[in-house]
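Structure first, then comments.
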Amino acid sequence: MLETRIDEVYLEEILGDNQDVILLTMPGGMSSSWYLYLKNFVAEADINPKNVFVFFRDYELTKPLYRTQGEYSKKLDLLSRSEEVDFDMIINSNSKIGDKLSRIFDEIYPVQAKNNKARDLINRAAVSLYIPKIIPFTFLRVTLGLDDSDYIPVLREYKKIQNSTNDLFSRKNFRSTEIFDSDENPSEFMKSNSFLNLMVNVSNNYEIELTFVRVQKRPNSTNSKNSDLYLDEYIDKLKKFLISHEINFIDLEGKGFGLEYYLDGDHINPENIEEFTEYFYRQNIIYFGGEN
């Protein structure tokens, strides 16, 4: 949400006075990576920034397990120190047996973190014996117009082996179905078991001005937002919690960015990023050291 909304070079030009803007982003990263960036790359790096902005959607701040497994587990390792006691505590306190088994599986079979590439390699190895049988049939069918009576059985056997291989190496055989139910639909604001609480602690302990920015999601076809009473209640509680801990909160939902602003999903069209960057600065200049 950050790198498709803020142009750091353009923002530096607006700010002037040799002020630096740094975007710390991990593709697909969620609250787990945001916490590690704040702790390890800002607070403990002694950068002393004027402000740190965290862009989020909906319930993302209190879904600690979201995008922490598979390929994301390896990415998070790159952001972590040798010991991350608080991080591990949050993960473990939210993990059900399915989650824990899946993490163990990642350690034993790291190939799963590259699931798609691994599956392709395994497929090719498993069906290699059938490829010489298929190619002649395919060539002859094209050049001579032969019927499919001999070709189809070989192709079916090829697909059978391929599908069996996919199923054999699928993660679903090594994890509990509970994994899909874990923390999927939080309807209440829970500050005690998420990375949000850790980020608030880092902000307070290191005297970092921290600002959470709720982005406007992509409008529907009529350029209006979808109604969600549970989400509205959640955001209201979140805002009150942040303010009570002297953390800034900016809500961009309903600010009038039309459908034409968006490229895909909730991402801003690259053509509009500079315009959005300037809008964000002008509307929130107080957080950049200016006055409203």
Can you find a residue that is without any contact (Cβ under 8 Å) to a residue 60 or more places away in the chain, part of a loop (DSSP other than H, G, I, E, B) and farther than 21 Å from ILE247 by Cα anywhere in region 47-62?
no
Note on ILE250: of the conditions (1) touching a Pro at 6+ places or on another chain (Cβ under 7 Å); (2) modelled with pLDDT of 90 or more, unmet is (1)
Residues of region 237-264 being closer than 29 Å to ASN204 by Cβ and of a type in the set (Ser, Thr, Tyr), in sequence order, are SER244
- Query: Does ASN197 qualify as being part of a helix (DSSP H, G or I), out of contact with any helix residue (DSSP H, G or I) (no Cβ under 7 Å at 6 or more places or on another chain), touching a residue at least 12 places away in the same chain (Cβ under 8 Å) and of a type outside the set (Ser, Thr, Tyr)?
  - Reply: no
Output for Cβ contacts, cut-off 7 Å, separation at least six or different chains, first residue in contact (Cβ under 8 Å) with a residue 60 or more places away in the chain in region 23-40, second among the polar types (S, T, N, Q) and in a loop (DSSP other than H, G, I, E, B), reads SER31/SER194; SER32/THR68
Kindly indicate whether PHE257 is modelled with pLDDT of 80 or more and closer than 17 Å to ARG57 by Cβ.
no
Every listed condition ((1) within 13 Å of the chain's Cα centre (by Cα); (2) not assigned by TED's automatic domain parsing to the domain that holds LYS239) holds for SER32 save (2)
- Has region 76-83 got at least one residue that is closer than 26 Å to ASP228 by Cβ and not polar (S, T, N, Q)? no
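The values are calculated or read from the model by the stated rules, or taken from the named source; none is laboratory data. Everything quoted here is computed from the prediction, not taken from an experiment. Because the Cβ atoms are built from the backbone with ideal geometry, glycine has one as well, and the counts that use them run over all protein chains shown.
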